[in-house]
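Notes follow once the structure below has been shown.
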Amino acid sequence: MKIKEGINATVEGDAKNAQKYKQYIINENQFGDIHFKVSQSKGNSFPKLSVKVRDELVSVGLGEGDVDPNQTTGKHLKPKELHEWFKSDKEFYIVDMRNNYEIISGHFRGSLFFEDMDNFRDLPKVLPQINHLKGKTILTVCTGGVRCEKASGYMIKNGFENVYQLDGGIVSYMEKYPNQDFLGKLYVFDNRVIMGFNVESKDHIIVGKCEICGVQSENYIDYKSKQKGRHHGIVCPDCIKKGKVIIG
């Protein structure tokens, strides 16, 4: 079977065995240049093995007109380079390519995002909102860098000229520069829901807010309410206890 776009995988284990697995993959010739990202977990983030084969790692929903990231994609910017950009007077714009519910628990300071982007497939619909930035330096960001391989290429195909993508994604920047520039915690698609580095530090701040009462919170749930209907978002334990939302 020929793999067109690549492999995106996550494994969980103790530090010793994870390092053995990493070295085994590196020693395989076809996987030697894989970008590894390491973060802590409590051992129950992935309760079962799941393997899926798809034509695309992520889809923008363009069919035959979709973007091939092997042919068109943004320039990779290392976390260290972005850190230097933040410290300089360089003009650049961070465009967050994650879904709207991911951004509410954490985001880069000063970043731009699409409030009506419920799913990555909404990109063609929402991208015209930033057409005024086509002549500017753009840095696309997402959780681990996978979505931005395609998002940055899609921007280039739509007239954006100076497009970068954060190499290794937000998690790689957080690992190297915890509680700097990225505010709050990162939404992840496993049982952790959100994660961060050095979150016990006084420099860590909570940016998430309860969607019912507005207090600071990072408590994601699936719920139903009169205002939003069925929804995935942040609701504080107090509002849940008072029955202000219906869980599920």
### Message
Residues that are of a type in the set (Ser, Thr, Tyr), within 15 Å of residue 143 (Cβ to Cβ), assigned to a strand (DSSP E or B) and in contact (Cβ under 8 Å) with a residue 12 or more places away in the chain: does the stretch 187-195 have at least one?
### Response
yes
### Task
Consider residue 117 carefully, then state whether it is without any contact (Cβ under 8 Å) to a residue 40 or more places away in the chain, in contact with a helix residue (DSSP H, G or I) (Cβ under 9 Å, 6 or more places away or on another chain), crowded, with 17+ Cβ neighbours inside 10 Å and assigned by TED's automatic domain parsing to the domain that holds residue 69.
yes
### Candidates 212, 221 - the one that is of a type in the set (Val, Ile, Thr), touching a residue at least 24 places away in the same chain (Cβ under 8 Å), outside the structural domain of residue 76 (by TED's automatic domain parsing) and in a strand (DSSP E or B)
221
### Query
What number goes with the only condition from (1) modelled with pLDDT of 95 or more; (2) touching a Leu at 6+ places or on another chain (Cβ under 8 Å) that residue 100 does not pass?
(2)
### Query
Which members of the stretch 162-201 meet the condition of being in the same structural domain as residue 91 (by TED's automatic domain parsing), over 19 Å from residue 80 (Cα atoms) and of a type in the set (Asp, Glu)?
190
### Query
Is it the case that the stretch 146-161 has a residue that's assigned to a loop (DSSP other than H, G, I, E, B), of a type in the set (Gly, Ala, Ser) and under 22 Å from residue 197 (Cα atoms)?
no
### Summary
Of the residues in the stretch 224-237, those that are modelled with pLDDT of 95 or more and in contact with a Lys or Arg (Cβ under 9 Å, 6 or more places away or on another chain) come to 234, 235, 236
### Task
Among what's in the stretch 102-124 and is among the charged types (D, E, K, R) and in contact with a Phe, Trp or Tyr (Cβ under 9 Å, 6 or more places away or on another chain), pick the residue that is nearest to residue 188 (Cα to Cα).
102
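The values are calculated or read from the model by the stated rules, or taken from the named source; none is laboratory data. Note that this is a predicted model, so its numbers are computed, not measured. Because the Cβ atoms are built from the backbone with ideal geometry, glycine has one as well, and the counts that use them run over all protein chains shown.
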